[in-house]
Amino acid sequence: MRKKPMAVSLTLLLTGCMLLAGCKTADQPSAGGTPAPAPAPAQAPAVSKAGGTVNIAIFAYPTKLDPKYSLTIQEKNVYQSLYDKLLDIDATGSLVPMLAEKWEISNDKKEYTFHLRQGVKFHDGTDFNAEAVKFNFERNMEEDSLRRNEIKDVESLTVVDANTIKIALKQPFSPFLSVLTEKSGMMVSPDAAKKAGKDFVNKPVGTGPYMFKETLKGSSLTLDKNPNYWKKDLPKVDKLVYKVIEDSNVALVNLKSGDVDITDKVPFKELEGLANDSKVKLVNDVSFGTSYVYLNTSKPPFDKKEFRQAVDLMIDRDALVKIAINGAGTPAHSPFSSRNFAHGNNDQYEKPNLDKAKELMKKAGMDSASFSLKVGTLPKDQQVGQMIQNMLKPLGVEVKLEKLEYGSLDEQIISGNYDMGLTAWSGRQDPDQSIYDWFITKGPRNFARYTNPELDKLLNSGRTEVDQDKRKLVYDQIMNILHEDVPVVYLYHENIVFGMSKSIQGFEYVPDFIIHTANLGK
């Protein structure tokens, strides 16, 4: 029997109820099943003590500390300590105020008026105000920005006064507020960005709870407490140290020894064993995220649609969830987890069918194939690679595995120097942010080199439609096309799994794969 993913409320987690040891589980869907229910909203975290240092293990080095140029989760993990956003999301995935205290939307859904929090300063002592917001939008709309597609519908920015800004859109853009809870809504210091230029990626200045101090490239990054943070009595500790530990097994050893206090990756095979560990507590909860493989459609063998269909058909997603992530997730056939309103029948998939896959190979004019699959260094990723390798053997397909450090893996996928590349996306509150940039023609994440004019129209329709039920139907149509064309193969929706010392208090669960640090203490 396939194991079910665990989901607990933060209250239980913080009072010592260990996952996988008697806590209530959420039902996991199989192909054609019903989605797992979202966990109950987390309650207020336990009060943490002030002072000291929190050491956090992250699986890869954050090479770009500028949200304008970022694509990776490890960078985003550090950003939430450095930068505040205009809006944020809470434990339920709902929008909440951050640097924007309140906002109004015009009846035609084309004008947003934001009333900004007063008295906030950047780490360099300059004021956060409406001019700073205008600067950040204009900066993120520049040609070299990886945020440009997220806010391309912005038509004008009007500073009403120091604490009010009006943003007019070319057309209704349903994901707009959700976009502002992410990198496009992160506010950098205009003065610091102008002064540093391209080197701002190494000299970040925001309004967040912590300030950049130093980095040992490839190894660690140190942040100091922001003594002037606008949230009263936060942050709780004096220093954060992010330590790069690629191997999740090594990270766990460091967690148990006390060399790190939190790790963003836990070996899935260790989940049951950690249930009664006296030094470790776990977070294991439903996320927005999805693991998938890019297929390079610009060159053989993935330039043939029928071959891509055959590969997709041979993937046993139930086995991947059971073995590679020990039940800590659900099988996927879309980028929309059960936390997303676009989730539904579009996430169902067909069980592996060798005879049908062979017929598809014949249609592609192929009786065998060989290609490389590039994976990262995490044990889980290597196991997924090996399982895909074995799943495709009966089809006469030879898969050569190539293990790469994550920075190199990202670079090769981005440059197109790959056949198949394993990756993941932490997901977003709005479905547009988990699909548009991946499949719109020449999109900034369209590393499958895929184009389909009909799909482009639907993707843009999903952005302009304001009725959620109608948007859901648009995304169903989008997934029908993607299931036919298969530029990527979706594998599973992975739970958020963090390990932390039992001495850590103040952890706040948010379904974004990020370790939120402002409230952390010991």
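Since every read-out is calculated from the coordinates, none of them should be taken as a lab result. All figures in this text were calculated on a predicted structure; none of them were measured in a lab. Ideal geometry is used to build each Cβ from the backbone, glycine not excepted, and the neighbour counts take in all protein chains shown.
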> Fewest to most neighbouring Cβ within 10 Å: what's the order for Thr263, Thr297?
Replying inline: Thr297, Thr263
> With each label point set 7 Å from Cα along the Cα-Cβ vector, what nm distance links Asn460 and Asp259?
Replying inline: 5.3 nm
> Using 16 Å as the cut-off for backbone N distance, which residues of the range 97-119 belong to the label zone defined by a point 7 Å from the Cα of Leu473 along Cα→Cβ?
Replying inline: none
> In the structure displayed, which of Lys102/Lys236; Lys236/Lys522; Lys299/Lys358 lie more than 18 Å apart, Cα to Cα?
Replying inline: Lys102/Lys236; Lys299/Lys358
>> Multiplying the sequence separation of Lys170 and Ser408 by 0.36 nm and subtracting their Cα-Cα distance, what value in nm do you get?
In response: 81.9 nm
> When you take every Cα atom in the range 290-494, what is the radius of gyration, and what is Dmax, the widest Cα pair distance, in Å?
Replying inline: 16.1, 47
> Going by average Cβ neighbours within 10 Å, how do the peptides 350-356, 203-209 rank, with the highest at the top?
Replying inline: 203-209, 350-356
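What is the dipole size for the range 80-201, taken about its Cα centre, with +1 at each Lys and Arg Cβ and -1 at each Asp and Glu Cβ, in debye to the nearest 20?
On the way: 17 positive and 21 negative charges, 21 e Å.
Value, rounded to 20: 100 debye.
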>> Restricting everything to alpha-carbon atoms, can you work out Rg to Rh for the range 181-332 with a Kirkwood hydrodynamic radius?
In response: 1.06
>> Run the simple label-point estimate for Glu101 and Lys400 please: 7 Å along Cα→C-beta, distance reported in nm.
In response: 6.2 nm
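With +1 on each Lys and Arg Cβ and -1 on each Asp and Glu Cβ, and nothing else charged, work out how big the dipole of the chain is about its Cα centre, in Debye to the nearest 20. Walk me through the numbers before you get to the answer.
Working: 67 positive and 68 negative charges, 146 e Å.
Result for the chain is approximately 700 debye, rounded to the nearest 20.
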>> Full-extension gain between Lys279 and Asn353, please, as 0.36 nm times their residue separation minus the C-alpha to C-alpha distance.
In response: 22.1 nm
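Hull surface divided by four, with the convex hull built on the Cα atoms of the chain: how many nm²? Working shown, then result.
On the way: hull surface 88.7 nm².
One quarter of the hull surface, i.e. the mean projection, equals 22.2 nm².
Using packing as a proxy for protection, rank 74-85, 396-407 so that the peptide with the highest average count of other Cβ atoms within 10 Å comes first. Mind showing how you got there, number by number?
Details: 74-85: 23.7, 396-407: 16.5.
Descending mean neighbour count gives 74-85, 396-407.
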>> Can you find, among Pro172, Gln118, Asn140, the residue sitting farthest towards the positive end of the charge dipole of the range 105-181, where Lys and Arg contribute +1 and Asp and Glu -1 at Cβ?
In response: Pro172
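Looking at the calculated P(r) for the range 80-201, what percent of the C-alpha pair distances fall above 22 Å? Walk me through the numbers on the way to the answer.
Details: 2184 of 7381 pairs.
Roughly 30 percent, rounded to a whole number.
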> What residues qualify as long-range amide H neighbours of Ser372, i.e. H under 5 Å apart, gap of 5 or more or another chain, H built at 1.01 Å from N?
Replying inline: Lys400, Asp419, Met420
